[in-house]
Structure formats: C-alpha cells, structure tokens
Amino acid sequence: MRFLTAGESHGKALTVILEGFPKGVKINNSVINSELEKRMQGPGRGGRMRIEKDKVEILSGLRNKITLGSPIAMVVKNKDAKINPQGKDNLEEKNIVRPAHADLAGALKYGEKDINNILERASARETAARVCVGSVCKQFLGLFGTKVASYTKQIGSYQSSKNPKDINFILEKTKNSMLKAIDKKDEQAMLQQINKAKEEKDSVGGVVEIWAGVTPAGLGSFMQFDQKLDAKLASYLMSIPAIKGVEIGAGFGYAGKKGSHSHDAVYYSKDKGYYHKTNNSGGIEGGVSNGEPIVARIAMKPIATLAKPLDSVNLKTKKRQKASLIRSDTAAVAACSVVAETMCAIALTESYLDKFGSDSLAQIRSNYKNYLKTIKK
Ligand code: EPS
C-alpha cells in the first residue's frame, strides 16, 4: 500500500491517491469527515480553521461504499483558495523567512526569493489529506478489533502525570475534551499554558502519546532494517510537521535504568496466551509486535510563526528584519494527535497487509483467523 498527497495550503484542494488498499472494505465517509473536523479543532488553533470546513469527497476506488481494490482518490477542497495554477494568483510576495519554518532551508534549496513558493507546500495543511487515508485505514483495522487512540500528555511546560490503563480508557476520557486530555485538572493547566502563550504573542508545543491495540504479535520483521515495525512507526510519526522527537514505550527512559528494572518479563496463561505484566517495550520487540498495546510518544515543537516575530533576514535585500507576520496557531497539539493516530494507523495497516495478504479483505480475514489459532497453541 502507498499513498501520495498533492495540494498547496491555499491551492484549490488537497488531493490524495491511496493505492494497494484491499478490496471489500466498507468505508463510511462521515467517519472520515469527523476525523477531519477533529483535526481542525482544539484550543490554540488560528483564524484559518474558522474559514475552512474540511470535508472529503471520494472520487474513485469505491462502489456502493465498498472498496474495489483500485486506487482510492480523495479530495478536500480549500475555501481559502488563492493559488491559480493556470494564471495569476493573489498571493502577496513574501521575502522574510520565518525561523523554525521550512522557509529558509527551502528557499536556499530552490534558489527562491518568494517564500510563498516554499511555505504553501510545507504548510501543515497537507496533513488533512493524510487524515483521509488514516481514517480509511482505521476503518480497516477496526474490522480486526484494532483501535488507535491518543491523548495530550504535555502542553508547554506542563506535563500530565496520569497514565492510561488501556486504549478504551483513552477513547472514553478524551471523547469530550477539546484538548484531548485524559484528566480534567490537567486539561485546565494545559489550557492555561496556551492562553498565556497567546497573551504573550508566543506559541507552545507539547507531547502526544499514541496507543494502538489489540494488535496481534508478529507484525513487522527483524529481517531487514526497513521492515522493523518500530522503525516504520518512528519515521511515519517523525514525518508530521513540527515533530522533533519520537519515543517507543519507555523510550529515553530506558537509558537510565538497569535491564532487570526495565525489561518486560514473559508469562503464559491458557486464556491470554503469552503476555507481559509491564509494557516498557511499547508492544514492539526486535522490530516485531509482541501482542501488547503499541505505545509511542511524539514531541511537537512550538508553532513556528510568532505574533512577536524573531530576528530574520529579507531574502531580497539581505537586511535584518523581523520575521513575517503570517496568521498562525498558538498551539496545534490536539490537531497533531489526530495526525499522529493517522500515521500510526497507516503504518499498522501496511504491516497487516504484509503479514496477512493485501488485495482482498476476505482472504486477509481467513489468513488472520488461521494465524491467531496457531499463535495461541
Ligand atoms: C493549517 C493551515 C494553515 C495554518 C497552519 C495549519 O493555514 P494558514 O496558513 O492559511 O493560516 O493555519 O499551518 C501552520 C501553522 C504551519 O506552520 O504550517 C491546517 O490546515 O492545519
């Protein structure tokens, strides 16, 4: 399975083609739309989100809501469309790069002076197209009882010390939380971080924790570096704009611990099969899922565009100037959590298809059932 997105932030639309998705899966576009809506929400989002009403239009690859096994083309139209691919547009030229954005590196790469030609594609708006793919994948994974959930662990300097019991706990607690917090008190403290940053014309980042399960043991492989499930998951999560750190399970916490205090001992019972009482590995050992929930954390840097801009340089004059003031978010951690679930669902779906066959749901189901019987034995 693979997908390609196209589209600029202020282009006509975001487009995605998903190829290699199995035949026979029922896809509900209202489920995709509700994920798109969640990506637009959350405290700290900026003015653009009040303009857009992201909705998917599925153009191909389905008949009567069921996938055909053919490429699935999906479109999310932009309301704030300014780019005219075939003629003059009404974007004002911008020459002052915004620190921490793709502006300078992109301008140097392409010998560009107008940063519109960089930021339009580098914008996090592209993730709306990915969310469409993630939602399709979540609907596939749901057929095997696999759910993907996430919550906001940290905003700015405030970190929640609460730990979820399981995936259903996260789904239940975050259902009515705009910030996707699992605790009301923590949510208030995290909101304060966002409001304070907004008052100070600043921005904040945070940490999102992602859980996936139930996943069968055996997804991914230790045979080659690029087949390892943790390597795939880490690279997919790192590909989200503004992500600067990824941890699987105990992650960096492992470094300061002894093996006897950190490795997950193995047990067996007739009901459960093989299991662990702890999950420091985050459900992946040797690049392969071990049947425990998959747990990853990502660190998002503060939003790059600041209302109180940093020093920068005008690409045309080479003179020092304050960075461009472009409409932006104060925080987008809750939105990022939807994209993180998306990338996790895509990585897991690819691993399912590698393990159980890829072109027909009926055959994948039968392979999956037989496999589960063998690993229980
Ligand atoms: C975004 C759309 C963008 C930004 C934001 C994310 O719209 P505009 O640039 O018109 O305000 O709101 O992008 C960034 C903050 C960024 O740094 O890329 C979206 O749809 O998520």
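Filter region 270-304 down to residues that are under 22 Å from residue 165 (Cβ atoms), open to solvent by less than 30 Å² (accessible area, probe 1.4 Å) and modelled with pLDDT under 95, then give me how many there are.
So the count comes out to 1.
Could you figure out which of (1) within 16 Å of the ligand (Cβ to nearest atom); (2) open to solvent by 50 Å² or more (accessible area, probe 1.4 Å) isn't true of residue 122?
Evaluating residue 122 over (1) within 16 Å of the ligand (Cβ to nearest atom); (2) open to solvent by 50 Å² or more (accessible area, probe 1.4 Å) leaves (2) as the failure.
Residue-by-condition table, conditions (1) over 29 Å from residue 171 (Cα atoms); (2) of a type in the set (Gly, Ala, Ser); (3) touching an Asp or Glu at 6+ places or on another chain (Cβ under 7 Å):
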| residue | (1), (2), (3) |
| --- | --- |
| 278 | no, no, yes |
| 290 | no, no, no |
| 318 | yes, no, no |
| 332 | no, yes, no |
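For region 239-267, enumerate the residues that are touching a residue at least 24 places away in the same chain (Cβ under 8 Å) and open to solvent by 70 Å² or more (accessible area, probe 1.4 Å).
244, the sole residue that qualifies.
So residue 339 ticks every box in (1) within 16 Å of the ligand (Cβ to nearest atom); (2) assigned to a strand (DSSP E or B) but one. Which box is left unticked?
Of the numbered conditions (1) within 16 Å of the ligand (Cβ to nearest atom); (2) assigned to a strand (DSSP E or B), the odd one out for residue 339 is (2).
Identify, from the list 133, 148, the residue that is crowded, with 19+ Cβ neighbours inside 10 Å and either within 16 Å of the ligand (Cβ to nearest atom) or under 23 Å from residue 46 (Cβ atoms) (or both). Steps first, please.
Values: 148 fails: either within 16 Å of the ligand (Cβ to nearest atom) or under 23 Å from residue 46 (Cβ atoms) (or both).
Of 133, 148, the one residue that is crowded, with 19+ Cβ neighbours inside 10 Å and either within 16 Å of the ligand (Cβ to nearest atom) or under 23 Å from residue 46 (Cβ atoms) (or both) is 133.
Of everything in region 231-247, what is under 15 Å from residue 341 (Cα atoms) and either within 16 Å of the ligand (Cβ to nearest atom) or part of a helix (DSSP H, G or I) (or both)? Give them in sequence order. Show your work before the answer.
The first filter runs over region 231-247 and keeps only residues under 15 Å from residue 341 (Cα atoms), leaving 232-241, 243, 246-247.
Selection gives 232, 233, 234, 235, 236, 237, 238, 239, 240, 241, 243.
When you scan region 324-334, do you find a residue that is away from the ligand (no atom under 16 Å from the Cβ) and not in a helix (DSSP H, G or I), even just one? Talk me through it step by step, then tell me what you get.
Our first condition is that a residue be away from the ligand (no atom under 16 Å from the Cβ); within region 324-334, this holds for none.
There is no residue in region 324-334 that is away from the ligand (no atom under 16 Å from the Cβ) and not in a helix (DSSP H, G or I).
Being of a type in the set (Asp, Glu), open to solvent by 40 Å² or more (accessible area, probe 1.4 Å) and part of a loop (DSSP other than H, G, I, E, B) is the requirement here; does residue 57 meet it?
On the way: of a type in the set (Asp, Glu): yes; open to solvent by 40 Å² or more (accessible area, probe 1.4 Å): yes; part of a loop (DSSP other than H, G, I, E, B): no.
Against the criterion (of a type in the set (Asp, Glu), open to solvent by 40 Å² or more (accessible area, probe 1.4 Å) and part of a loop (DSSP other than H, G, I, E, B)), residue 57 does not qualify.
For the list (1) aliphatic (A, V, I, L, M); (2) open to solvent by less than 20 Å² (accessible area, probe 1.4 Å); (3) on the phi > 0 side of the Ramachandran plot, I need the number of the one condition that residue 194 fails.
(3)
Please specify each residue of region 24-43 satisfying the condition of being under 18 Å from the mean Cα position of the chain (by Cα), assigned to a loop (DSSP other than H, G, I, E, B) and among the small types (Gly, Ala, Ser).
The answer is 42, and nothing else.
For the structure I just gave you, tell me whether residue 72 is surrounded by 16 or more Cβ atoms within 10 Å (Cβ to Cβ), of a type outside the set (Asp, Glu) and more than 13 Å from the ligand (Cβ to nearest atom). Please lay out each step first, then the result.
Values: surrounded by 16 or more Cβ atoms within 10 Å (Cβ to Cβ): yes; of a type outside the set (Asp, Glu): yes; more than 13 Å from the ligand (Cβ to nearest atom): yes.
Yes: the conditions hold for residue 72.
Only one of 308, 373, 355 is open to solvent by 50 Å² or more (accessible area, probe 1.4 Å), out of contact with any strand residue (DSSP E or B) (no Cβ under 7 Å at 6 or more places or on another chain) and under 30 Å from residue 92 (Cβ atoms). Can you tell me which?
Values: 373 fails: under 30 Å from residue 92 (Cβ atoms); 355 fails: under 30 Å from residue 92 (Cβ atoms).
Answer to the check: 308.
Looking at 9, 34, which is the one that is away from the ligand (no atom under 14 Å from the Cβ) and of a type in the set (S, T, N, Q)?
One residue alone meets the criteria, 34.
The values are calculated or read from the model by the stated rules, or taken from the named source; none is laboratory data. Note that the structure is predicted; figures quoted are calculated from it, not measured. Cβ atoms come from the backbone with ideal geometry, glycine included; neighbour counts cover every protein chain shown. Calculation scope for accessible area: heavy atoms of the full protein, side chains included, ligands and nucleic acids excluded. Shrake-Rupley method; radii C 1.70, N 1.55, O 1.52, S 1.80 Å.
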